[in-house]
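Each remark here refers to the structure printed beneath this line.
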Amino acid sequence: MTGRDDPRQDPPWDDGADRPPPWIDRGARPLFENPWMRLTEHQATAPTGAPADYVVMRPAALAVGVLPLHGDGTVTLVGQHRFPSMSWSWEMPEGGAHPDEDAQTAAARELAEEAGLSARSWREVLRMDLSNSVTDERAVAFLAWDLDPAPTAPDPTEAFRVARVPFLDLIDAIGAGQVRDAFTVATALRAHHMAVTSQLPGWLSHVMLGRPR
């Protein structure tokens, strides 16, 4: 499954009734395109009936990420300097799935390229819309464990620092605002929820929720 064929399900409190009217797209024109994204400008009508000029960023790839969980309760993170914010960022291994590429296959590639790891156990845990007021970018996140070393192969523009830290230290760093990458934050908090609600193998939850000596 590529991850793009993603029928949406409504939460249990939403029966679809009494929703405001949807946005109406009355025509679009391309503003910019490269191999990674395109910008489109739309003449639109808002749910209120007001006319609007809307610009949307449309990535070519599906975002994928994987949080690697070691048997001692640690996780591997990668740190890199991000150009848009001009700041250092600690993240799980992340990247993009090519059109028609399986999301887990793409995540496994990123895990090897960025963290030097492969995994024998995988679990899809999260699907997200990223910054959905300005982009239609979607994301699929995985947890991976039963890890083994693998050759690294970062892209020509990528330079990483790799760190292995206790899972609960990652949760603490998120709470302190020290880890801010939205995809990583959401995936880590989802993993924590799964661990405390017995949605993961018992031994894995136990080591995740403990502090390695």
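Here, each number is a calculation from the coordinates, and none is a lab measurement. Keep in mind the model is a prediction, meaning the values are calculated, not measured.
Structure notes:
- Amide H partners (placed H, <5 Å) of Gly96, local residues excluded: Val64
- Cα gyration tensor category, rounded, prolate or oblate, for region 1-81 with a/c compared to 1.5: oblate
- For the chain, the relative contact order works out to 20 percent when only alpha carbon pairs closer than 8 Å and six or more residues apart are counted.
- Rounded if a/c under 1.5, otherwise prolate or oblate - region 66-213, Cα gyration tensor axes: rounded
- Residue by residue, region 16-25 carries 3J(HN,Hα) couplings of x, 7, 6, 7, x, x, x, 4, 10, 8 Hz when phi is fed to the Karplus relation 6.51 cos²θ - 1.76 cosθ + 1.60 (θ = phi - 60°); x denotes Gly or Pro.
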